[in-house]
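**Q** I am attaching a structure below and will ask some questions about it afterwards.
Nothing in this text is a laboratory measurement; each read-out follows from the coordinates by a stated rule. This is a predicted model, so every value here is computed, not measured. Heads up, the Cβs are rebuilt from the backbone with ideal geometry, glycines too, and the neighbour counts pull from every protein chain shown.
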Amino acid sequence: MTGLQAPNLDDRDFAALFAQARALIPRYMPEWTDHNLSDPGITLIQLFAAQAEQTLYRMNRVPELAYLKFLQLLGIQLGTATPAGVELTFTTTGPTVDALVPTGTQVATSGGDNGPIVFEVLEGFTAIGAPLTAVQTYDGTGFRDHSALLTVPPNGGQASLVSTGTASDVDIFGAHAPVGAALMLGYTTPGAFTANPITLYATLPPLPGGDVVRAGDDARPGSPAGRMWAEFHDGTRWQPIAILTDETQAFTGSGRLTVAGPGIRAARVKLGSVTTSLYWIRFVLTAGDYQNPPRLRVLAPNTVPALQGVTLRDEVLGGSDGMPSQGPFTLSTVPVIRGEEREVARGDGRLVRVTDLELRVDEGSGAQPWQQVPDFLASGPDDEHFVLDRFSGDVVFGDGRNGRIPIANPAHPGDNIVAVWYRAGGSAAGNVGAGTVTSLQTAAFGVASVTNLAAASGGADPETVAQAKVRAPAVLKAGGRAVTAEDFETIALQTPAAVGRVHALALTDPGFPGVPVPGAVTVVVVPNSPGPAPVPTVHTLREVCAELNKHRLITTQVFATGPTYRQVRVVGDLIVAPSSDLTVVQNAVSDRLTTWLHPLTGGDDGTGWPFGGTIYASSLLGLILTTPGVARIRDNQVLVELDGERQMFCRDVEIGVGELIDALTPQLVVGYR
């Protein structure tokens, strides 16, 4: 077993320290001219250098715990893990069976290197049995049938509308979105249509230039929301039904859409371009001023969001002995996921705000909730406060001066402290691929199968001490306010979301590209997600804006958006050494190139390709030639294709300010001669 490698904070030894000190003599004491070893002053310098070398040796072996304490003294905590999110699609046991999927329903992957990854449904719903059979649009003048895009997942289940790319994305209300345009959905079932709520999840393609969120109001410039209502067909005419949930805001963004089921009032009818009699519901545009008429990439029935992690309830942490410095009391499952804030009432009517953990203490008069606080600095001796370390799960109470000590309960000496509710989980391992979250872990009567049409995203591992040491100087420099571009980047990285990298562009407003706008700052966000070109979700952008909004100047407009990617493909003809395998060398060169150009792992330092970084021909050639097994490049034939266009031979390739690279699979020819 290999030992831990000691951090090397300062690599100067005795010789280096002595040489450095002696070199400073002419600057600070020019009258000191005898620098020989026989000089008493030189002897003193040697003594100080020897003592300094011993001090540096000990400093280089400062344990990780000491670094953690130093960071805590500075008010810097390690970032905890972030859970991945995914949309789950449920299928019932038959077309006439509707199934209740409760809140907290757990679905997991089937296994893998990290074991099963569990996801929980955030909000319960009813999955209807009637399958979506037809989709058509009406643009005010005619109908267009999109039913050919309905696709059944590889592992079975209900069909969903899935576009294969930009060319096949559906114009929801037509190319111009006039009032009266509609999206029509046809269902088939042997019996009467469902009276339960009908749940859909709509995924829209990214807006031109990417999704944009503005700090302060979460608006998306360039996509004004429209208004729409929902209707069902009773066999004679369209009748209104209630829209229960519209997270899409009239299809201006991705999200869940729920309407009331019409039940026996609906009748089968042939409509538009579809010749089959079906039960129909439709969404009719009643008002809209869309600058970009909405388009649809995926429309999935019976689909709801889920979050990586598990919910734990009524976990006994132990009993208080009434003494200071007791504990800590430790939760069984970590890391703790940041929850949505809510309030619970104590017996005396006081409200306690619950964030990550609902903790109750029974001091003899019934279990009462205690308030979670970041620290005890502002806590008085009678304040029912506790501090939670979300990473370790440790719960700590006050010492009687800063924060009250829980009173011992003779009736429950070992179980009067209870974690009533908390959620735990989260890691980069949660970013699993499409079609992998299929194993139902909790009972859901009537559910036959479940799957995820799209890959999970947003999961991130906890911050390491090494990462925190790099972040700490920037945090101290920012001082809790966002003024410079570096301040915006530092604060954005503290967002409780899976943010991998950020880049702040001063004087930049996404609504006015290429025009300097005083007081505007655009933060480009690269999520910590898999894939060659990670794109942040609107939720991640809103999290970043919410964090920046706490620290920005009131006169500063802050926008968050995803990166602009330029597609790059390297084309080359390589001569391989006779002792090497052609396929192995080809794959090695391809992997090195895609890793070097990657937005998260690329660049010379491996921390991500620089925003707006030029592809230098010399660096590119050097990377290829230093790959084991590469003998030479035939006639120096290495070219770069930028967005499909071949660039000049052996010339540096520039990309725009703030842009990144989407590295396509290199086109490499390999041979022995």
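**Q** Would you mind getting me the FRET efficiency between residue 175 and residue 353? Use the beta-carbon distance for r and R0 = 51 Å, nearest 0.05.
**A** The value I calculate is 0.55.
**Q** Cα axis of helix 64-73 to longest principal axis of the chain: angle in degrees, 0 to 90, nearest 10?
**A** 80 degrees
**Q** Let me ask another. Net charge around residue 645, counting only other residues with Cβ within less than 14 Å of its Cβ (Lys, Arg = +1; Asp, Glu = -1)?
**A** Every neighbour counted, the sum reads +1.
**Q** So what is the calculated 222 nm ellipticity per residue for the chain, using -39500 (n - 2.57) for each DSSP H run with n of 4 or more, over all residues, to the nearest 500 deg cm²/dmol?
**A** -4500 deg cm²/dmol
**Q** Which loop-located chymotrypsin sites (Phe, Trp or Tyr not before Pro) does segment 34-71 contain, where loop means any DSSP state but H, G, I, E or B and the Cβ has at most 10 other Cβ atoms within 10 Å?
**A** none
**Q** Find, among the trypsin sites (Lys or Arg not before Pro) in segment 532-593, those assigned to loop by DSSP (not H, G, I, E, B) with at most 13 other beta-carbon atoms within 10 angstrom.
**A** Listed in order of number, the matching sites are 550.
**Q** Would you work out the charge dipole size for segment 319-436 about its Cα centre, treating the Cβ of every Lys and Arg as +1 and the Cβ of every Asp and Glu as -1, and quote it to the nearest 20 debye?
**A** 280 debye
**Q** Angle check, please: helix 538-549 long axis (alpha carbons) against the longest principal axis of the chain (alpha carbons), in degrees 0 to 90, nearest 10.
**A** 50 degrees
**Q** Residues with amide H under 5 Å of residue 499's amide H, sequence separation 5 or more or different chain, H placed in the peptide plane at 1.01 Å from N; which?
**A** Here 528 satisfy the definition.
**Q** If you don't mind, there's one more thing I want to ask. Which lysines, if any, have their Cα less than 25 Å from the Cα of residue 469, not counting same-chain residues under 8 positions apart?
**A** Straight-distance partners of residue 469: 69, 477, 550.
**Q** Under 1.5 on a/c is rounded, so check that first for segment 312-424, then, if it is not, pick prolate when a/b is larger than b/c and oblate when it is not; a ≥ b ≥ c are the square roots of the alpha carbon gyration tensor eigenvalues.
**A** Verdict is rounded for segment 312-424.
**Q** List the relative contact order of the chain as a percent without decimals, with contacts defined as Cα pairs under 8 Å and 6+ residues apart.
**A** Across the chain, relative contact order equals 14 percent.
**Q** Okay, moving on. Toward the positive end of the charge dipole of the chain, about the Cα centre and with charges on Cβ (Lys, Arg +1; Asp, Glu -1), which of 378, 184, 500 goes farthest?
**A** Value: 184.
**Q** Okay, moving on. How much net charge surrounds residue 619 when only other residues with a Cβ under 15 Å from its Cβ are counted (Lys, Arg +1; Asp, Glu -1)?
**A** Computed value for this residue: -2.
**Q** For q = 0.06, 0.10 Å⁻¹, what log10 I(q)/I(0) does the chain give under the Debye formula with an equal point scatterer on each alpha carbon and no solvent?
**A** After summing over all Cα pairs, the log10 values are -0.48, -1.17.
**Q** What's the center-to-center distance, using Cα atoms, between segment 21-67 and segment 421-462 in Å?
**A** Computed from Cα coordinates, the inter-centre distance equals 58 Å.
**Q** About its Cα centre, how strong a charge dipole does the chain have in debye, to the nearest 20, once Lys and Arg get +1 and Asp and Glu get -1 at the Cβ?
**A** Roughly 1260 debye for the chain.
**Q** A further question on this structure: Counting DSSP beta bridges with both partners in segment 565-671, what percentage is antiparallel, nearest 5?
**A** 55 percent
**Q** Quick one: putting +1 on the C-beta of Lys and Arg, -1 on the C-beta of Asp and Glu, what dipole do you get for segment 522-635 around its Cα centre, in Debye to the nearest 20?
**A** It comes to approximately 300 debye.
**Q** Next question, about the same structure. What are the chymotrypsin sites (Phe, Trp or Tyr not before Pro) within segment 387-467 that DSSP puts in a loop, where the Cβ has at most 13 other Cβ atoms within 10 Å?
**A** Sites meeting the loop and neighbour criteria: 445.
**Q** Same structure again: At most 10 other C-beta atoms within 10 Å and a DSSP loop state: those are the exposed GluC sites (Glu not before Pro) I care about. Give me the longest piece of the chain that has none.
**A** 342-673
**Q** Related question: What does DSSP give for the chain in terms of the percent of beta bridges that are antiparallel, rounded to the nearest 5?
**A** So the antiparallel bridges amount to about 85 percent of the total.
**Q** How high is the relative contact order of segment 565-671? Use alpha-carbon pairs under 8 Å, at least six apart in sequence, and give a whole percent.
**A** 50 percent
**Q** Then there's this: Could you list 78, 68 so that the one with the fewest beta carbons within 10 Å of its beta carbon is first and the one with the most is last?
**A** Exposure proxy ranking, most exposed first: 68, 78.
**Q** Also: For segment 165-323, what is one quarter of the convex hull surface built on the Cα atoms, given in nm²?
**A** 15.7 nm²
**Q** I'd like to know which of 244, 54, 294 lies farthest towards the positive end of the charge dipole of the chain, counting +1 on Cβ of Lys and Arg and -1 on Cβ of Asp and Glu.
**A** 294
**Q** Could you work out the relative contact order of segment 297-407, using alpha carbon pairs under 8 angstrom and six or more residues apart, expressed as a whole percent?
**A** Taking the mean separation of contacting Cα pairs over the length of segment 297-407, I get 26 percent.
**Q** Quick check on segment 456-551: take the gyration tensor over C-alpha atoms, sort the square-rooted eigenvalues as a ≥ b ≥ c, and tell me if it's rounded (a/c under 1.5), prolate or oblate.
**A** Oblate.
**Q** Which of 556, 585, 527 sits farthest toward the positive end of the charge dipole of segment 525-593, with +1 on the Cβ of Lys and Arg and -1 on the Cβ of Asp and Glu?
**A** Highest projection toward the positive end goes to 556.
**Q** With a ≥ b ≥ c taken as the square roots of the eigenvalues of the C-alpha gyration tensor of segment 499-563, please select rounded if a/c is under 1.5 and otherwise prolate if a/b is larger than b/c or oblate if it is not?
**A** oblate
**Q** Now for a separate question. Would you mind calculating the gained length between residue 506 and residue 636 on full extension (0.36 nm times residue separation, minus the Cα-Cα distance), in nm to one decimal?
**A** 42.8 nm
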